[in-house]
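A.B. asks: There's a structure below that I have some questions on.
The values are calculated or read from the model by the stated rules, or taken from the named source; none is laboratory data. Bear in mind the structure is a predicted one, so any value in this text is a computation, not a measurement. For neighbour counting, all protein chains shown are included, and Cβ atoms are generated from backbone atoms with ideal geometry for every residue, glycine included. In case anyone asks, the SASA skips ligands and DNA or RNA and just uses the protein heavy atoms, side chains included. Shrake-Rupley method; radii C 1.70, N 1.55, O 1.52, S 1.80 Å.
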Amino acid sequence: MWTPTTRRQYSRDGLRYETDLTDAEWALIEPLLPEPHARGRPRCWSTREILNGIFYVLRGGIAWRLLPSDLPPKSTVFRWFSLWRDTGLFETINHLLVMADRERVGREASPTAAVLDSQSVKTTESGGPRGYDAGKKVKGRKRQVMVDTDGRGLVLEPQPADVQDRDGACVVLRLSRRAFPFIATAFADSGYAGETPAQATSIIIEIVRKPPDQVGFAVHPRRWVVERFFAWISRNRRLWKDP
């Protein structure tokens, strides 16, 4: 809930760009990043500035080549982004931050319950697998996600949009076993009903169905947190339309 205190706490007025890391944010992330190599040519740009460039592209939805001149060049930012993406660094950072934030609010570090859902988004013509989601009438990709019961992102897996939820969920459920092995129950909508997701892992799939008398939109128990997660990530224009 926004209050005068929280607005001051999260104010970004003093930053060069709204997407720049604050000192407090950098203090959290810096220990999770790999140390620079002792050998080889020293970096021309700091790791913090490279991350600032990545966040600028993510939030603004711009092409890499349109980075402002006071941020590292496209070649540097995209090279490090690709390396950290391919080595799983971003997943590792998210995993550690999720556990730290759960402990901050007095919960166990690893969740025992989760929520499953998907979101189909349009794509541009550049690369990557895509398909047509006939239900949503979207040609592009589908984000299969698992969040904890507070809405923190646990696992996110991009798939072609024509993959059925019950089939795509199996990948997410199996991936969650390695990072979050204590999850015992996952709440989902009726698109995840059936034997395929139920037998994918030991996780029990509990279907949260619409009330029979529901007309129009309604907030459903458990499932609303994953809808909020989609709203959170969609604030970043780069994720609003998957390139």
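A.B. asks: Taking amide H positions as placed 1.01 Å from N in the peptide plane, with prolines and chain starts having none, which residues 5 or more places from A114, or on another chain, fall under 5 Å of its amide H?
C.D. replies: T185, A186, F187
A.B. asks: Once the piece of chain linking L58 and I233 is laid out straight, how much longer is it, given 0.36 nm per residue of separation minus the C-alpha distance between them? All intermediate terms of the calculation are to be shown ahead of the outcome.
C.D. replies: On the way: separation 175, 0.36 × 175 = 63.00 nm, distance 1.00 nm.
My answer for the length gained is 62.0 nm.
A.B. asks: Once you put a point 7 Å from the Cα of L66 and another 7 Å from the Cα of F182, both along the Cβ direction, what distance in nm separates them?
C.D. replies: 4.4
A.B. asks: What's the ranking of 73-80, 117-124 by average number of surrounding C-beta atoms within 10 Å, highest first?
C.D. replies: Details: 73-80: 16.1, 117-124: 19.8.
Ranking, from highest mean packing down: 117-124, 73-80.
A.B. asks: Quick one: Cα centre-to-centre distance for the range 12-63 and the range 65-129, in angstrom?
C.D. replies: 13
A.B. asks: Also: Which far-off residues, 5 or more places away or on another chain, put their amide H under 5 Å from the one on V138, with H placed in the peptide plane?
C.D. replies: Under 5 Å from the amide H of V138 lie the amide H atoms of D133, each far enough along the sequence or on another chain.
A.B. asks: Let me ask you something else. Give me, ordered by chain and number, the residues 5 or more places off T123 or on other chains with an amide H under 5 Å from its own placed amide H.
C.D. replies: Those lying under 5 Å, H to H, from T123 are R141.
A.B. asks: Further, regarding this structure: Hey, what do the phi angles of the range 234-241 turn into as Karplus ³J(HN,Hα) couplings, whole Hz, using 6.51/-1.76/1.60 and θ = phi - 60°, x for Gly and Pro?
C.D. replies: These are the phi-based 3J(HN,Hα) values: 6, 5, 8, 5, 5, 8, 5, 10 Hz.
A.B. asks: Just check the range 67-174 against the gyration tensor rule for me: Cα atoms, a ≥ b ≥ c as the square roots of the eigenvalues, rounded for a/c under 1.5, and otherwise prolate or oblate depending on whether a/b exceeds b/c. All intermediate terms of the calculation are to be shown ahead of the outcome.
C.D. replies: Values: a/c = 2.32, a/b = 1.04, b/c = 2.23.
Oblate is the answer for the range 67-174, as a/c is 1.5 or above yet b/c matches or exceeds a/b.
A.B. asks: Just to confirm a number: summing +1 for Lys and Arg and -1 for Asp and Glu over residues other than E49 whose beta-carbon lies under 15 angstrom from that of E49, what do you get? Could you put the intermediate results ahead of the total?
C.D. replies: Numbers: positive: R16, R43, R48, K74, R79; negative: D20, D23, E25, E30, D70.
With Lys, Arg at +1 and Asp, Glu at -1, the net is 0.
A.B. asks: Mind checking which of L89, P68, V57 is farthest towards the positive end of the range 57-101's charge dipole, using Cβ charges of +1 (Lys, Arg) and -1 (Asp, Glu) about the Cα centre?
C.D. replies: Positive-end residue among those listed: P68.
A.B. asks: Could I ask something else about it? I'd like the Karplus ³J(HN,Hα) series for the range 158-166: coefficients 6.51, -1.76, 1.60, θ = phi - 60°, whole numbers in Hz, and an x wherever there's a Gly or Pro.
C.D. replies: x, 9, x, 5, 7, 6, 5, 4, 5
A.B. asks: Spelling out what I want: for every residue of the range 78-85, take phi, set θ = phi - 60°, compute 6.51 cos²θ - 1.76 cosθ + 1.60 (Karplus), and round to whole Hz; glycine and proline get x.
C.D. replies: Each residue of the range 78-85 in turn: 5, 5, 6, 4, 5, 5, 5, 5 Hz.
A.B. asks: Nearest 5 percent is fine: what portion of the DSSP beta bridges confined to the chain is antiparallel? Provide the component values of the computation, followed by the final result.
C.D. replies: Numbers: 19 of 27 bridges.
DSSP beta bridges in the chain are roughly 70 percent antiparallel.
A.B. asks: Can you give the helix-only mean residue ellipticity at 222 nm for the chain, where every DSSP H stretch with n ≥ 4 adds -39500 (n - 2.57) and the sum goes over all residues, rounded to the nearest 500 deg cm²/dmol?
C.D. replies: -10500 deg cm²/dmol
A.B. asks: Can you send over the carbon and sulfur percentage of the accessible area for the chain, probe radius 1.4 Å, protein chains only? Kindly include the intermediate steps, with their values, before the conclusion.
C.D. replies: Numbers: 8130 of 14940 Å².
Answer for the chain is 54 percent, counting heavy atoms of protein chains only.
A.B. asks: Heavy-atom accessible area per residue, the range 56-209, 1.4 Å probe: how many Å²?
C.D. replies: Working: 7890 Å² over 154 residues.
Heavy-atom SASA per residue in the range 56-209 reads 51 Å².
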